[in-house]
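The values are calculated or read from the model by the stated rules, or taken from the named source; none is laboratory data. Owing to the predicted nature of the structure, the values given are computational and were not obtained by experimental measurement. Cβ placement follows ideal geometry from the backbone for every residue including glycine, while neighbour counts extend to all protein chains displayed.
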Amino acid sequence: MNGLDMDFLVGAEDDDESRRDSRASSGRRGRRRRRRRNRGGFLAPMLAIIVLLGGLGAAGFYGYTWLRGVMTPEDYTGEGSGEVVIEIKDGQTASDVAQTLEDKDVVKSARTFTGAVADAGKSASLQPGEYRMRKQMSAASAVKLLEPTMRLLERVTLKEGLRLSDTLVKLAKDTGKPLKDFQQAAKNTKALGVPGYAKGRLEGYAFPATYEITPKMNAADILTAMVDRFNQTAEKDGLASAAKSLGHTPHEIMTIASIVQAESGSVEDMPKIARVIYNRLDSQRKLEMDSTVMYGLNKYGISATNADLQSKSPYNTYMRPGLPPGPIANPGDHAIQAALNPAKGSWIWFVTTDPKRGITKFASTEAEFFQLKAEFEKNRGGG
């Protein structure tokens, strides 16, 4: 091959290498441009997302702040001031109570209170009654004042065997309500719910127990609660049907129970004393109970005097046969049970031979009775 041809070939090879270099250079420049374009294409969406997330973050913050305000409403701080009486009525839920507290401006929000009472675990322990609270209290402070022990009430305990007149005096003293209010209310036995067989008498039917009395209760409300308690006891004991099976009316059974209550020194003696009463009635003997004589004379004591025994009172069972007109006191359940379930025995007499220790003894014969009476006189003289 001649030199000319070689030069041509060399030049051609140079041109080929130059073109290859040129294409390679162009490819690199193209790739760089694509990388620059790609880099710009990635950053733009990323910037948009960042802006969007920033907007959502701000909205989320304000949304959270708003939601927190809805979920945890405003609350007063501290113990509040002034005084307001709040009544929780029977059957009310914690939500009902919360709304009452908000309405009375005790708490800032009903929702705040329900949250506080739930946190304290006391939603189910709110008890009916009246409570002394303050205005604009924190919800947590309000919860503390709604403890059952904080209820506004008086606990009045009436002993078994207390006469109605003494019962009314004690109620007036313990509640601070006028005695005349109780005396007036006691006359309307029908309104109080006294059963028809009581013959319009409250004596014997004002059941002795411990009662919780709220400030809103008036004299009639209190006496009604006592009669209601008697009616519940009478139903529990099956008084009407049991009296019929014994050949007596419910009123007669309550009269017997009141004498048992007045004459007994202990619960254990009650069925025996009831048996003495039944044995005397069945044998047509006069009851000869000092307790009835003293009641008719409005006197107190365990032994009537000779002058007392001459009384013309219908309650003088030394002079009049059978039972007195009605109960002489308000008997408790033990005495009622004894009247319905007398002990078995032939006793005709009983004597409280030792009044100080409440010892009562029973006799079936007159000779035994005189011995017991002598024992009583000895103990009484020695006292």
Checklist entry - In segment 287-303, which residues are of a type in the set (F, W, Y) and modelled with pLDDT of 95 or more? => result Y295
Checklist entry - Filtering segment 191-230 down to residues that are within 22 Å of the chain's Cα centre (by Cα) and basic (K, R), which residue is farthest from V84 (Cα to Cα)? => result R229
Item to check | Count of segment 356-377 residues which are within 19 Å of V267 (Cα to Cα) and exposed (fewer than 13 other Cβ atoms within 10 Å of the Cβ) | outcome: 3
Checklist entry - Would you say V276 is surrounded by 21 or more Cβ atoms within 10 Å (Cβ to Cβ), more than 37 Å from the chain's Cα centre (by Cα), in a helix (DSSP H, G or I) and in contact (Cβ under 8 Å) with a residue 60 or more places away in the chain? => result yes
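Each row is one residue, and each column tells you yes or no for (1) buried (at least 16 other Cβ atoms within 10 Å of the Cβ); (2) at pLDDT below 95; (3) in a loop (DSSP other than H, G, I, E, B); (4) outside the structural domain of S266 (by TED's automatic domain parsing).
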| residue | (1), (2), (3), (4) |
| --- | --- |
| T305 | no, yes, yes, no |
| N316 | yes, no, yes, no |
| G322 | no, no, yes, no |
| I328 | yes, no, yes, no |
| H334 | yes, no, no, no |
| A338 | yes, no, no, no |
Next on the checklist: Report every pair of residues separated by at least 6 positions or lying on different chains whose Cβ atoms are under 9 Å apart, first residue within segment 220-247 and of a type in the set (D, E), second crowded, with 18+ Cβ neighbours inside 10 Å and assigned to a loop (DSSP other than H, G, I, E, B).
Outcome noted: D228/F207
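With respect to T233, determine if the residue is among the β-branched types (V, I, T), outside any loop (DSSP other than H, G, I, E, B), within 27 Å of the chain's Cα centre (by Cα) and within 30 Å of G358 (Cβ to Cβ).
yes
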Item to check | Lone qualifier among S125, S141 - being over 25 Å from M217 (Cα atoms) and either of a type outside the set (A, V, I, L, M, F, W, C) or modelled with pLDDT of 95 or more (or both) | outcome: S141
Item to check | Given (1) more than 22 Å from the chain's Cα centre (by Cα); (2) within 22 Å of K216 (Cα to Cα), index of the condition D119 fails | outcome: (2)
